[in-house]
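Some notes on the structure that comes next.
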Amino acid sequence: MSEYRVLGVIDRAYRGAVEVQFFDALYGILDFRAQLGAVALALRGAAVTLAVDEDIYQPVVEFGPVRMDTLPDYRTSVRQLITEGVPVMVDEPDLRALGFGPDDVVPGVEVLDTNELAARWPEYDGVWFV
Amino acid sequence: MAGTITQRRWDLLLVVTAAPHSNDVITSALRLAQSVLDQGRTVRLWACGYANMLTQTTHGDTKLINTRDPEGVYPSSSRVVRDMLAANPGTFAWIACTACSAERGATSHINEVRFRSPMRFVSTIEGADKTVFIGGA
């Protein structure tokens with residue numbers, strides 16, 4: 001395993017559903033993790049909502065008799081990242097702009113000011129705008 | 001008059017130029033199509049630009065293996081479109097733009113998709129009572 005440490009920054013969320021399913025941006029973080037020394041995730045812009053907790057979403061869509069239950073499930077992916085020890089950080093002003101606060105995010109997610117987030121970049125060998 | 005062709009009319013034409021994997025627009029277009037089909041109306045979808053990637057035979061029936069769920073089954077977009085067409089015989093149709101398909105090297109559509117030249121784009125619009133143009137290529 002490489003010692004390379006990466007901070008993944010996601011600004012743009014919801015890049016497809018029916019055609020994407022598990023293959024979303026967070027899967028990229030989860031799947032690359034084994035190759036890297038360390039990986040962390042920073043969510044900004046509308047992507048902060050990926051970490052907003054809820055328990056009503058079902059990854060299901062029905063087109064008449066054609067039922068799919070494999071749509072992207074970002075909250076579950078964020079919970080998996082936290083469980084696996086991947087730091088997940090959220091931009092506080094972007095979260096607030098969308099009407100949410102620190103109490104609304106998945107437990108374990110860090111809510112940080114924009115400048116604090118940027119100040120962490122030097123801790124990583126690479127900052128990837130995913 | 002002998003030889004006269006009466007063009008079939010459709011209730012709705014969805015022109016989809018938005019790309020898959022860009023945002024949730026493809027899902028929204030399919031949901032819109034289904035909701036109109038649920039009302040007993042007919043829908044035709046014209047795939048333009050990268051929307052032609054959705055129905056390539058090279059997808060197969062399932063997506064690539066999910067390394068975190070290797071036993072899971074994830075239907076490909078080709079499969080979803082084929083199943084939707086099969087579920088709505090004669091009331092739902094999918095057109096692939098020949099020029100956009102060729103431009104992207106994406107000419108291997110599933111059999112259920114009909115090729116149509118962009119030279120017939122306006123006549124296709126005229127064959128529908130309503131057209132919704134969903135852009136974003």
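Brief remarks on what is shown
- Residues residue A:35 and residue B:98, FRET efficiency given R0 of 45 Å [Cβ-Cβ distance, rounded to 0.05]: 0.65
- Around the Cα centre of chain A, unit charges on the Cβ atoms of Lys, Arg, Asp and Glu (plus for the first two, minus for the last two) sum to a dipole of about 280 debye.
- The spacing between the range B:73-137 and the range A:76-118, judged by their C-alpha centroids, is 40 Å.
- Magnitude of the charge dipole, the range B:10-134, Cβ model with Lys/Arg +1 and Asp/Glu -1, debye to 20: 200 debye
- Remark: C-alpha extents of the protein assembly as shown on the principal axes read 79, 39, 32 Å, sorted largest to smallest.
- Were the residues from residue A:121 through residue A:55 laid out at 0.36 nm apart, the gain over their Cα-Cα distance would be 20.5 nm.
- Shape box of the range B:10-134 [Cα atoms, principal axes, largest first, Å]: 47, 35, 26
- Take each residue of peptide A:16-28, count the partner chain Cβ atoms within 10 Å of its Cβ, and average: the result is 6.
- Spatial separation of Cα centroids for the range A:1-39 and the range B:12-45, in angstrom: 29 Å
- In the protein assembly as shown, the DSSP-assigned H stretches of four residues or longer account for a calculated mean residue ellipticity at 222 nm of -7000 deg cm²/dmol, using -39500 (n - 2.57) per stretch and the full residue count as denominator.
- Computed log₁₀ I(q)/I(0) - Debye formula, equal Cα scatterers, no solvent, chain A, q 0.11, 0.14, 0.15, 0.19 Å⁻¹: -0.39, -0.62, -0.70, -1.07
Coordinate-derived values only; no laboratory data. What you see is a predicted model; the values in this text were computed from it and never measured. For neighbour counting, all protein chains shown are included, and Cβ atoms are generated from backbone atoms with ideal geometry for every residue, glycine included.
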